[in-house]
Amino acid sequence: MSALRWTRSAAGLGRVLRSPGPHRPPSEEGTFGGFCSSRRSSAASPREQHVLREWGHAELLEVLEARVRQLRAEGTPEMRVKKVQVDRPPQGHSSRWAQKLEAEKRVKQRRQKEVDQQKQALTQEFWTLHKEPKIWNKKLAGYLQPSKKGTPTNSEEKQLAQALQAALGRLSSREAEALARKKAKAVEAQILVLQQKFLAFFECCVCTGQVPLAHHVLVTHHNNGDRQQVLTLHMYNTVMLGWARKGSFRELVYVFLMLKDAGLSPDLCSYAAALQCMGRRDQDVRTIQRCLKQMMEEGFQPQLLFTDLVLEEEDRAALLRAVVKAEPAFRPPPQAPSPVNTSTLLKDIYSKEGPVSYPKLHLPLDTLQDLFYQQLHVELSSSVCVQSVEKAPVMSKEVIEARKTLQALREQWEVELLRVLRETKATMGRQAYEGQPTLYPFLCLLSEGEFVSILMQVLKVLPAQGEPLIQLAHNLGLRVLNRHLVKQKQVTNHVQKLGQRYSQYLQLLASDTQVAPCLPREYWESLGPLEAPAQQPWSVPVLLQLGKQLAELLVQAVQMPRSLAARQGAQRSIPVLYHVYSFRSYRQVGILKPHPAFTHLLETAAEPTLTFETTEVPMLCPPLPWTSLHSGAYLLSSTKLMRATEGTTQHQRLLEQCPPAQLHGPLDALTQLGNCAWRVNGHLLDLVLQIFRDKGCMPLGVPPPRSEAPRPARYQLPPGSTPVHKSELRKELARCLKVAREMHSLRSEALYRLSLAQHLRHRVFWLPHNMDFRGRTYPCPPHFNHLGSDLARALLEFAEGRPLGPRGLDWLKIHLINLTGLKKGDSLRMRLAFADEVMEEILDSADNPLTGRKWWMEADEPWQTLACCMEVAHAVRSPDPAAYISHLPVHQDGSCNGLQHYAALGRDSVGAASVNLTPSDLPQDVYREVATQVEEFRQQDAKEGLRVAQVLEGFISRKVVKQTVMTVVYGVTRYGGRLQIEKRLRELSDFPQEFVWEASHYLVRQVFKSLQEMFTSTRAIQHWLTESANLISHAGWPVEWVTPLGIPIIQPYHRESKVQVKGGLQSITLTSSVDESQKPNTLKQKNGFPPNFIHSLDSSHMMLTALHCYRKGLIFVSVHDCFWTHAADIPTMNEVCREQFVRLHSQPILEDLAKFLKKRFCSVSSIKSLKSSERALVTKLQETLQSLPKTGTFDLGQVIRSTYFFS
């Protein structure tokens, strides 16, 4: 593999090794950038250069160093030189240059010492922080004059109070108009990025207690008329809050004056900061009263301070002291009773009447409390070390030596990283004191040791092929942010309060406690408020800038002896990481790549541990119930309620504007899904590990190691080979390299999954859930969950088992046959009979999975089939199968669920029958029906002499059309459908490949024609949705709607915007399609609306089923439209599933959608700012919304009696 590994990277590696440092434009490299070009060879092999040439380079370097010292001594500012490492000449070969410069060195050193002494004398004065701002408004500036003359303290306090009163005054009409124009003006992308950077800088300064530095930078930019335009009200409020917490009234007044001087109007947060400060320092009553009076004149009542703002406990107490001092009779409003969800669909869920039997966990209270503290310890330590399941290497001398070398290197790297980090902090600290919003406060958020730990972890998992710098930077920035948020919760005593609250919460869940039945969210809220102020995430450019800086520290500090890469040559250090450019999807991408020698060292050492972030691992205790956007899932680690591309803000904005009760249904459904306890199927895991460690098996979904990758027949051609042979060899090498990388990726994914499974095999664990922007739910841990492959699902069992009962064994057998895919067209009775027929094969598979007849390996889902074989074997061999405790999840899968929703929306009788919405003796197979109809079309065309129809005889099957039929409901185009069919035809070995292109074009037309005839209402609804979205997006809006359960949805498809993060190793260009300041991407908006709308309906159906199953005491989880529960509970879940589908589609879904779209996009307030052409589109939209698609006569009640609706 070494030859293969070097084939395509050798050239790039050579370029990097020849480069003395990162490439920068000449203006950034300094005057001497031309001499330090990439043609210099500091790390090249000695065989490539003559020793004397290196001596010449060393002499030139001495000249350059001397010139730099000379210029510094003469006072030339900011001269930067790119450092070049070269081998020094041996002793005794000193040249005239060296002798001449040695004498000059002493002179220059003496001069430099004098300059340094002068600078040191000026340092204290130079770094003085500015506190008093320059006020441009003459009237406001007058209030600062007395305080500058050293007046007595009482008089100074009076003047400050007067200044505050002036700052609190209302804006003049002229100022108000200017502010309105400023708000209405669109902010340019680069200005917005700069504002995000400033705001994050101020917040970090306040967080780390460096409020004077934040104030200094604020004053510096306020004093400059041009720079002042970047400052926003939120920035002034942030600095004010910092001073308020310190009780610094003078500085707070300064900020208030600057705020007013900038033409801004104070908001509720501004007044809260001022009152907090007064409450902390026991301000006189008159000043507080004047502040409250002005606040009320602006329309802010004192009660809003305690209802509209989420405050920390100390801030709330200080605020209350100030208000009560001014108004002794004031009392904060009591906590409002939890609002009740009034949705028709959720009426039964929140009804206090009727029987409920919410399930409890199978574990006692003491055990659950121990698990809580274990999970708390994991989250506080921020990472989890897991033993790798990769086959352990023989502890040879080479392996032992490699591990020792690696350990010694890591110790050196930690020391060097610490040194470089301190130097960087010092440099950025000086720049911050010059008034620049640098990364200095970000580098103070964590201890230096924590930063080093993060960098060492990233280095350990960096793949051999490297990682794009933009991804690495984003990952590093997120890691720092997440650790900072956890640390903040420790500082604010949140952890201790959480422990007390969680102990009370466990009373509801534990098996040995008695509490009145209640939903977890409702019980948690009844215990009182705990939620801390939500920490706003940093913007993506800020994350990238911080992450890029940390990545550069890694590149700069982490080096290794050159002897690890080449046995011969000078004994010096070379970089472990190097920066190269590569093309990915026709774009040039900067990549950080480890040196092949370092990669080889890691492979040789074969370290036995893997490291994961806390949120990448399942939880060891029940997740926190979802109570709001910011509270739920992990104990301390922040988790988004709605997962979205980083930088997307529109979803968050819509959710925040939602009435809290509107989201109760989705929040409770996510909590219920996360409360399911899991365990690992240990017997199955042992079998998988046996195959995994023995070269894997791709047909079973166990990837082989990279050593099994195909190798080219030869690596080199003999001299005189033709260009054609050379081209063929290059293609073969590229193909082998591609396959090797794919195998490595799959192997790594399997390694993570199996290592986590082994780590958790004797434990109970939980999978917290969140949702995407359509409302579809997903487990948060990415590597090991039930949404994975067949293998991943087979490894998971319910931690709580339930007796099979009278019909549980039958459902286990039916589930087993469903997994094999052998009897899809048969009735349930026939499947059950077939299971009894093949019972001998089932038992053989269970007893001898790898040595028997291996019947299970022929199944569609082999590993789940094997797990079910084992469960059936245990059940049939038990003394009483009905009493057997089963842990295996049994599935009920929707029959082309997207088409089921379309057929129900359009009351389409023909379509409903095709997708099993109507009762029938046998399951209907829509894919086979489409294939049959397409075959009829083909036969007609063949009779008429159409060549392609004649060629396709005997090749049209269910498999050829299935994917296209399945995805057409989710918006696949004819182009996409043709590609799908082309792929299926190429898999047919006996199909004439020269007809593939023509045949795929023909078949996709026939499939769409067939669906048009079978699902008339479906196509009409799709067209109506597409046309509505087309008009909305062309008028300049992204499409929005609200799901039947109240989730507000907005499609995040916008035109691409580009933002650059400049400097350092490379400038990173961030391309985003989720920037809501950009116009909508009309193509994606119209094509995405039909499938996204249907996905929002299937998620609503799943959530309704989950909530009603929970109310009936069932354990329920789902994989979108595939519902899981215990075998004994299948009949109950089936009943609930059908009832909720009927209830959902009994609502006027399309009518409600049309009303919402008309109100949102056709109201007077929405269209008043539109152009005339856009208003014409809105008029057409109104007409479209009024002409709803006609519906058929299908009776929804038939779904209740349909056996194969979900089966």
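Take residue 1037: with every protein chain present and a 1.4 Å probe, its accessible area is about 30 Å². Remark: spin-label model distance residue 584-residue 1200 equals 5.4 nm, labels positioned 7 Å along the Cα→Cβ axis. For the range 882-929 versus the range 235-307, the spacing of their alpha-carbon centroids is 61 Å. Panel note: the C-alpha atoms of the range 908-1013, placed on their principal axes, show extents of 44, 29, 23 Å (largest first).
Which order do you get for 987, 944 if you rank them by accessible area with a 1.4 Å probe, largest at the top? Let's see the in-between values first.
Details: 987 95, 944 150 Å².
Descending order: 944, 987.
Take each of the peptides 703-715, 476-488, 211-223, average the number of other beta-carbon atoms within 10 Å over its residues, and list them starting from the highest. Show your work: numbers first, answer last.
Details: 703-715: 15.2, 476-488: 20.5, 211-223: 23.0.
Per-residue Cβ counts within 10 Å, averaged per peptide and sorted highest first, yield 211-223, 476-488, 703-715.
Phi-derived couplings, Karplus 6.51 cos²θ - 1.76 cosθ + 1.60 at θ = phi - 60°, listed residue by residue for the range 630-644: 10, 10, x, 6, 5, 5, 10, 5, 5, 10, 6, 5, 10, 5, 7 Hz, with x used for Gly and Pro.
Overall, the anisotropy analysis places the range 410-539 in the prolate class: the square-rooted eigenvalues a ≥ b ≥ c of its C-alpha gyration tensor yield a/c not less than 1.5, with a/b exceeding b/c. Rounded, prolate or oblate: which fits the range 845-947 when a ≥ b ≥ c are the square roots of the eigenvalues of the alpha-carbon gyration tensor, with rounded for a/c under 1.5 and prolate only if a/b beats b/c? Here the range 845-947 falls in the oblate category. Only protein heavy atoms count here; on that basis, with a 1.4 Å probe, residue 598 has an accessible area of about 10 Å².
For a 18 Å ceiling on Cα separation, which of these pairs sit above it: 983/1084; 404/460; 640/1058; 962/1086; 293/325? Kindly include the intermediate steps, with their values, before the conclusion.
On the way: 983/1084 24 Å; 404/460 15 Å; 640/1058 25 Å; 962/1086 24 Å; 293/325 14 Å.
Violating the 18 Å limit, Cα to Cα: 983/1084; 640/1058; 962/1086.
The distance linking the range 409-468 with the range 1090-1138 is 48 Å (Cα centroid to Cα centroid, whole angstrom). In terms of its alpha-carbon gyration tensor, the range 783-879 comes out rounded; the largest-to-smallest axis ratio a/c stays below the 1.5 threshold.
The values are calculated or read from the model by the stated rules, or taken from the named source; none is laboratory data. This one's a predicted model, so the numbers in the text were calculated from it and none came from an experiment. Cβ atoms come from the backbone with ideal geometry, glycine included; neighbour counts cover every protein chain shown. These area figures cover heavy atoms from the full protein model, side chains too; ligands, DNA and RNA do not enter into them. Shrake-Rupley method; radii C 1.70, N 1.55, O 1.52, S 1.80 Å.
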